[in-house]
Amino acid sequence: MPVPLWENNVLDKYLDQLSSDLELEPFDKKKDNQGFYTVRLADDICLYMKDLFPGLMMTSQLIECPESKREVLFIYLMKANFLGLSTGGSAIGLDKNEKYLTLSRIITYDINYKSFKEIIEDFANYLDLWRQEVKRHQQAAEEGIL
């Protein structure tokens, strides 16, 4: 049975176990002023995670939002967001300054470590996939295909 994430700093323990399993340096447990942990999985993959009591939220920057053919891109991304089918339950959006596309996921229930690790791995995979998709879209826009 999953242990509530807020009990006994379970999220801290999960992050310790994740860094050990992935053979990474231990994650910094300091939270920013909004309560987010910074979890760097690779040079180009940085997640921001927060306890939701119950559950958790994670978000990451995808890529700088392209200027050309933005409306076409946004329609494409809205279709991807529909029911979370093309994003693995995550949602693609914009940061508050509308400069970067972001990928975010909210888990509204308690999870065990195995589920936590699988969710992180899936999220990182979708992050990589959508970075490539946006780059492909940008290239097609520059070539006049769109």
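The values are calculated or read from the model by the stated rules, or taken from the named source; none is laboratory data. Remember, it's a predicted structure, so these values are computed and weren't measured experimentally. All Cβ positions, even for glycine, are placed from backbone atoms using ideal geometry, and neighbour counts span all protein chains on display.
In segment 124-137, what residues are touching a strand residue (DSSP E or B) at 6+ places or on another chain (Cβ under 6 Å) and either surrounded by fewer than 17 Cβ atoms within 10 Å (Cβ to Cβ) or modelled with pLDDT of 95 or more (or both)?
If the condition is that a residue be touching a strand residue (DSSP E or B) at 6+ places or on another chain (Cβ under 6 Å) and either surrounded by fewer than 17 Cβ atoms within 10 Å (Cβ to Cβ) or modelled with pLDDT of 95 or more (or both), then Ala124, Leu127, Trp130, Arg131 are the ones that fit.
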Report whether or not Ser115 is surrounded by fewer than 18 Cβ atoms within 10 Å (Cβ to Cβ), of a type in the set (S, T, N, Q) and part of a loop (DSSP other than H, G, I, E, B).
no
If Thr38 meets every condition in (1) over 30 Å from Glu142 (Cα atoms); (2) more than 18 Å from the chain's Cα centre (by Cα) apart from one, which number is that one?
(2)
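Yes or no, residue by residue, for (1) over 13 Å from the mean Cα position of the chain (by Cα); (2) over 18 Å from Cys65 (Cβ atoms); (3) not basic (Lys, Arg):
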site	(1), (2), (3)
Asn112	yes, yes, yes
Ser115	yes, yes, yes
Tyr126	no, no, yes
Arg136	yes, no, no
Would you check if there is a residue in segment 67-83 being closer than 15 Å to Glu121 by Cα and touching a residue at least 24 places away in the same chain (Cβ under 8 Å)?
no
Single residue of segment 81-98 satisfying the filter (under 21 Å from Met49 (Cβ atoms) and among the hydroxyl-bearing types (Ser, Thr, Tyr)) that is farthest from the chain's Cα centre (by Cα):
Thr87
Filter segment 66-93 down to the residues that are surrounded by 12 or more Cβ atoms within 10 Å (Cβ to Cβ) and of a type in the set (D, E, K, R), then identify the one that is nearest to Thr108 (Cα to Cα).
Arg70
Might you let me know whether segment 100-109 holds any residue that is loosely packed, with under 15 Cβ neighbours inside 10 Å, over 15 Å from Leu56 (Cβ atoms), in contact with a Cys (Cβ under 9 Å, 6 or more places away or on another chain) and aliphatic (A, V, I, L, M)?
no
